[in-house]
Amino acid sequence: MLSHGIFALRKNSMKKRVVVGLSGGVDSSVAAYLLKEQGYEVIGLFMKNWHDDSVTISDECPWLEDSNDAMLVAEKLGIPFQTVDLSEQYKERIVDYMFREYQMGRTPNPDVLCNREIKFDVFLKIALGLGADYVATGHYCRKDVSILRSAQTGETTEIYHLLAGKDPNKDQSYFLCQLSQEQLSKTLFPIGELLKPEVRKIASEQNLITAEKRDSQGLCFIGKVRLPEFLQQKLAPKEGAIVEIPSNFEAYQTQAPDFDSQEARLQYLAAKQTYTKADGKQVGIHQGAHYFTTGQRKGLAVGGTKEPLFVIATDVVENVIYTGQGKEHPGLYRSGLFVKNQEIHWVREDLKLSENQQMEVLARIRYRQPLEKATLYQTVSGLYVIFDNPQSAITEGQFVAWYDGPELLGSGVIS
């Protein structure tokens, strides 16, 4: 918990107060520095989200070292600092969710969830409790605001825009695809206009201890986790078959039928291919289908094939992994995906589609993927995202995010 020292801080009525999530990395360090230079009253908080080091690769992201680095940065900048323990909320909202998703054969994205559930919910509420006007993070993205005037009433509404970061190699808007207008209204992204080398240069010029520190990898504020060991805490190993599906599998050769409705066409384009063990040949043994995800190459431990094997589908009920040779295997590709109505999220609520409406967008199904042209179709049952070009390894449980140019409009969990 926070000490009374932080809670007792009297707010300077002349300054806006910002609580910065100091992670112990260079990005949040520079974010805090820039805010102080801009005249904000800055407080640094480090989020401790994890206690179990048994499944964490210790030299990748040890939280104790990160917390110490964050404290040293705060001391250098002359700002108050404290560590807040959010491990209970993290376990309930992120870790338990991950276990449930993997058990169902889906692949969750903990970083997106961490931003929605922890940084911009639990952490935001703590910050507001400290009298903060805003929270700030070291994300490479930008925020803008415009005024929307109602033609009927003349009333005005502030619309917040979530924009890609200026650095195309570091843009992290995808990880924030579940934020709401209310969350954006209380958020600042100080480094969104900077390139990564510029951020490191500022840190170096200010003699911040994090200036040359490499970027952390793995789960949000946990570090790099050995996923099989992590999942084995609750999901026991279970031996099953690895089946290879040939690239000339008859279902791949079948021509699209004539459709009697638009929804039938959309369902066809978004449908994932299903298999049985009789459709291919067994080439190996695995220790649990719930440990694998579509598009995965590593961890199969099957040799002797002309090209590497990739996971093209998993069946957690029958405990079978289906694979195909090569990254161009037709089983990896689909033209579309489906998002259930309850899983659709619009950052731009004013642009939300009504039933039978459609919208041309740019979309991505994973971080760092180049944006692809697609069309959204809102139906009574949910939202279809149909791409101009087939996409590789569309994965259930991951997030699809759609954009208008640099602005992220919304997102959803892939079904």
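Of note:
- All positions within segment 353-378 that are in a loop (DSSP other than H, G, I, E, B) and open to solvent by 50 Å² or more (accessible area, probe 1.4 Å): Ser354, Glu355, Asn356, Gln357, Arg366, Tyr367, Arg368, Pro370, Leu371
- Contact annotation: residue pairs with Cβ atoms under 8 Å, 6 or more positions apart or on different chains, pairing a residue in segment 346-357 that is closer than 15 Å to Cys177 by Cα with a partner that is assigned to a helix (DSSP H, G or I), are Val347/Gln181; Val347/Leu184; Glu349/Gln181.
- Within the set Val302, Val320, Val316, Val311, the sole residue that is farther than 16 Å from Asn248 by Cα and without any contact (Cβ under 8 Å) to a residue 60 or more places away in the chain turns out to be Val311.
- Of the helices (runs of 4 or more DSSP H) that lie entirely inside segment 67-162, those containing 1 or more residues that are open to solvent by less than 20 Å² (accessible area, probe 1.4 Å) and modelled with pLDDT under 95 span 87-90, 96-103, 110-114.
- Qualifying residue in segment 300-314 (condition: of a type in the set (S, T, N, Q) and within 30 Å of Leu148 (Cα to Cα)): no
- Scanning segment 381-391 for residues that are surrounded by fewer than 17 Cβ atoms within 10 Å (Cβ to Cβ) and out of contact with any helix residue (DSSP H, G or I) (no Cβ under 8 Å at 6 or more places or on another chain) gives Asp388, Asn389, Pro390.
- Residue in segment 344-352 that is part of a strand (DSSP E or B), open to solvent by less than 30 Å² (accessible area, probe 1.4 Å) and modelled with pLDDT of 95 or more present: yes
- Only one of the numbered conditions (1) in a loop (DSSP other than H, G, I, E, B); (2) in contact (Cβ under 8 Å) with a residue 60 or more places away in the chain; (3) of a type in the set (D, E, K, R) is violated by Arg334, and that is (1).
- Residue in segment 48-62 that is modelled with pLDDT of 85 or more and in contact with a strand residue (DSSP E or B) (Cβ under 6 Å, 6 or more places away or on another chain) present: yes
The values are calculated or read from the model by the stated rules, or taken from the named source; none is laboratory data. Keep in mind it's a predicted model, so treat the numbers as computed, not measured. Positions of Cβ are generated from backbone atoms using ideal geometry, with glycine treated the same way; all protein chains shown enter the neighbour counts. The accessibility values were calculated without ligands, DNA or RNA, using every heavy atom of the protein model including side chains. Shrake-Rupley method; radii C 1.70, N 1.55, O 1.52, S 1.80 Å.
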